[in-house]
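**Q** Pasting a structure here, questions to come.
The values are calculated or read from the model by the stated rules, or taken from the named source; none is laboratory data. Predicted model, so just to flag it, every value in this text is computed and none were measured. As a convention, Cβ positions derive from the backbone with ideal geometry for all residues, glycine included, and neighbour counts pool all protein chains shown. Please note that ligands, DNA and RNA were not included when accessible areas were found on the heavy atoms of the full protein model with its side chains. Shrake-Rupley method; radii C 1.70, N 1.55, O 1.52, S 1.80 Å.
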Amino acid sequence: MSNIKNAFAGGKAFIPFITCGDPDIDTTYKVVIEAVNNGADLIELGIPFSDPTAEGPVIQEANIRALSGGITTDKVFDLVRKLRETVTIPLVFMTYANVVFSYGADRFIRTCSEVGIDGLIIPDIPYEEKEEFTPYCDKYDVDLISMIAPTSEDRIAKIAKEAKGFIYVVSSMGVTGTRSSFSNDLSHITEKIREVTDVPCAIGFGISNPEQAEKMASISDGAIVGSAIIKILAQYGKDAPSKVGEFVKSMKDAVRKA
Amino acid sequence: MNKVKKEGRFGIHGGQYIPETLMNAVNELTAAYEHYKNDPEFNRELQELFNEYANRPSRLYFAKKMTEDLGGAKIYLKREDLNHTGAHKVNNVLGQALLAKKMGKTRLIAETGAGQHGVATATAAALMGMECVVFMGEEDTKRQALNVYRMRLLGAEVIPVKTGTATLKDAVSEAMREWTNRVSDTHYCLGSVMGPHPFPTIVRDFQAVISKEIKQQILEKEGRLPDVVMACVGGGSNAIGTFYHFIEDKDVQLIGCEAAGRGVDTFETAATIATGKLGIFHGMKSYFCQDEYGQIAPVYSISAGLDYPGIGPEHAHLHDIGRASYVSVTDDEAVNAFEYLSRTEGIIPAIESSHAVAHALKIAPTMDKDKIIVITISGRGDKDCAAIARYRGENIYE
Ligand SMILES: Cc1ncc(COP(=O)(O)O)c(C=O)c1O
């Protein structure tokens, strides 16, 4: 069992997503520290990929900014080593299958475990392909996070039964990006999940303000926010850390009410 | 070692590396295809579309002048360029559009590189009364402006994709994103033998008509099988269509011709087998041009249709087991072959197909006169004339 359960131990969780190296690695470091100090319960660190097919324009552009700034997988591991000198909350990577595969799955996941990464979110690894990485995840005790979508229907139970760490419930169809409306079936999905597992589930994709975060946390165990944070980074660049901190605080206050 | 399940795999390649949001859509497609592929009514309708609408069977033409000029093996051209819409792409599109219609879908989306697949999809959508949206890299909308106009004329919406290298790979990514947005009424009509299972199998099966016909036609004309069959490879659909019914005939050599761009020793290349390594992208495990951290390479070829950093999983497997060989052909060699076939046989091949012609120009003279080569001319070159003129320094614009 990884450290991830601790993120949900103190009530509803708030989970920010941050693209590593956008606009540079020092800013990422500061943003993570601000997020932790302002109440983040778990942080998703994105390792940029050249062609992120599950991402909308906001996160696509963050990937491009980070890659053109020279970020690499090894530099992201170094960042995590440095973060772990002070940060104790669970940290997970969010990246694409080829980033893990090309590094060597064994070597990548072993390094995750060494530097203190608790889980992996890989949107292009569905249930059917998870054995690509689960043998190494089991070996090094890193959780491969399962995703469940509004179209999952009869797949929900089998995915949830084998889920580890937490379950990422995708709020709506399409790619990442801020939204004004969500699938209206979400509580139905989280109820189905709870019938088969007590692994916590958090909702993400499109959440951008405290009202939405509160609502999503009220029907699950937490809210995940990506694009709204990346927009702050796109706007403020190196000056973003304190702004992200304020935003995280407002979101954490909202999920506490849920 | 990983235990990998067999369904949708070609050796270690293939699979379904896609977001959960799409899993039920591809499962639904797999089930529908399994049902209809053996359905007599479906096959009758498809055959009728092939024959009456697409102008099949396509000719197997003996290129007498080219054969005499090269002084070696006898050369036959499989004339997919004579199909309605001007390329092999229509074979796959008619199959998928008919399947989508049977599944109750009302909207087709597609990616396109050279625009041939987009034109074919727009055509099928017009014929079958379906809505059509085509994603095309902005760079390609410029190199293939005529095809953009054709798609719009046929009633399709063309969306220029500005992300990444603004070419075929980005168009595929954007079409996938759009599919996750809207699966209930929409079929993603993928244009090559790539992407997640079941696409590589479905597209292969619809393109296999090429080798089925070649086999019949060459037996009629020559009373024996060819020594070599060859085709250009982008994702690999015309090539797998050309190879498929010969895979078990071990004496028939299978050759795929990849785009080397400015050369396989430069960064401006799209030759996946020559320069790529094993990876996972666009729903499949296969070979991809990529850097040491798995970032997909910004590939280049003069040919928009071959300008893709990957190769279909069945080709990757045929390469692994040594059943097919893959060679690379530069821009320069392809342009020379484009001009050569035009002058020698009065046939203007697509710049994609010219890559296969170029390799034939190299090997035919080295072979005995009693040997037979079949080259698939995957499409016609009208769409490329302006770009080739520019390549030669003549500034004509469409
Ligand atoms: C005429 C022609 N040939 C070949 C190709 C390459 O595709 P494939 O390798 O799938 O046959 C294209 C793609 O656009 C094309 O238009």
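**Q** Here is the link list: B:LYS215/B:LYS383; B:LYS105/B:LYS212; B:LYS65/B:LYS362. Which ones come out longer than 24 Å on Cα distance?
**A** Pairs exceeding 24 Å: B:LYS215/B:LYS383; B:LYS105/B:LYS212.
**Q** Quick one: Cα centre-to-centre distance for region A:172-207 and region A:44-107, in angstrom?
**A** 24 Å
**Q** Turning to a different aspect of this structure: Expressed as a whole percent, how much of the Cα-Cα distance distribution for region A:18-121 exceeds 16 Å?
**A** On the way: 2868 of 5356 pairs.
I get 54 percent for the Cα pairs in region A:18-121 exceeding 16 Å.
**Q** Moving to a separate point now. Averaging the inverse of every distinct alpha carbon separation and then flipping it gives the Kirkwood radius. What is it for chain B, in angstrom units?
**A** For chain B, the Kirkwood estimate is 20.7 Å.
**Q** Quick one: check the C-alpha center-to-center distance for region B:58-97 versus region B:339-398, whole angstrom.
**A** 11 Å
**Q** For region A:12-257, what is the per residue volume of the convex hull drawn over the alpha-carbon atoms, in cubic angstrom?
**A** Cα-based convex hull of region A:12-257, divided per residue, equals 108 Å³.
**Q** Using only the alpha carbons of region A:122-258, determine the length spanned along each of the three principal axes and report them from longest to shortest in whole angstroms.
**A** Answer, in whole Å and largest first: 41, 32, 26 Å.
**Q** Return an integer: the convex hull volume of the alpha-carbon atoms of the protein assembly as shown, in Å³ per residue. Walk me through the numbers on the way to the answer.
**A** Details: hull volume 95.1 nm³, N = 656.
Given the Cα convex hull of the protein assembly as shown, per-residue volume reads 145 Å³.
**Q** Among all the lysines, which ones have a C-alpha under 24 Å from A:LYS257's C-alpha, if same-chain residues fewer than 8 places away are not counted?
**A** A:LYS257 reaches A:LYS5, A:LYS12, A:LYS192, A:LYS215, A:LYS243, A:LYS249.
**Q** Which value, in debye to the nearest 20, describes the size of the charge dipole of chain B about its Cα centre when Lys and Arg Cβ atoms bear +1, Asp and Glu Cβ atoms bear -1, and nothing else is charged?
**A** 480 debye
**Q** DSSP loop trypsin sites (Lys or Arg not before Pro) in region B:184-242 with at most 16 other Cβ atoms within 10 Å of their Cβ, which ones?
**A** Loop-located and lightly packed - B:ARG224.
**Q** Considering the options B:GLN217, B:PRO19, B:PRO298, tell which one lies farthest towards the positive end of the dipole of the protein assembly as shown, charges being +1 on Lys and Arg and -1 on Asp and Glu at the Cβ, about the Cα centre.
**A** My answer, from the dipole projection, is B:GLN217.
**Q** In vacuo Debye scattering of region B:296-393, one point per C-alpha: log10 I(q)/I(0) at q = 0.16, 0.23 Å⁻¹?
**A** -0.77, -1.29
**Q** Right, here's the next one. Just read off the accessible area of A:LEU144 with the full protein assembly in place, 1.4 Å probe, to the nearest 10 Å².
**A** Result for A:LEU144: roughly 20 Å² accessible.
**Q** Which helices pass in chain B if a helix is a full DSSP H run, must span at least 15 angstrom along its long axis by Cα, and must have mean Kyte-Doolittle hydropathy not below 0.0? Walk me through the numbers on the way to the answer.
**A** Working: long enough: B:20-36 (25 Å, -0.33); B:89-102 (20 Å, 0.06); B:116-128 (18 Å, 0.80); B:168-181 (20 Å, -0.81); B:209-222 (19 Å, -0.61); B:331-345 (21 Å, -0.93); B:351-363 (19 Å, 0.54).
Those that pass (Cα extent of 15 Å or more, hydropathy at least 0.0) are B:89-102, B:116-128, B:351-363.
**Q** In whole Å, what is the distance between the alpha-carbon centres of region B:211-273 and region A:119-152?
**A** After rounding, the separation between the Cα centres reads 37 Å.
**Q** Which value, in Å² rounded to 10, gives the accessible area of B:GLU52 with a 1.4 Å probe and all protein chains present?
**A** Answer for B:GLU52: close to 150 Å² accessible.
**Q** While we're on this one: Report the Cα-based extents of region B:145-303 along its three principal axes, largest first, to the nearest Å.
**A** That works out to 51, 41, 31 Å along the principal axes.
**Q** Give me the log10 of I(q) over I(0) for region B:97-140 at q = 0.27, 0.30 Å⁻¹, as the Debye formula computes it from C-alpha points; what are the numbers?
**A** Cα-only, vacuum Debye calculation for region B:97-140: -0.89, -1.02.
**Q** Rounded to the nearest 500, what is the protein assembly as shown's calculated 222 nm mean residue ellipticity when only DSSP H runs of at least 4 contribute -39500 (n - 2.57) each, over all residues?
**A** -12500 deg cm²/dmol
**Q** Can I ask one more? Taking each residue of A:95-103 in turn, how many C-beta atoms of other protein chains fall within 10 Å of its C-beta, and what is the average?
**A** Per-residue shielding by partner chains comes out at 6.
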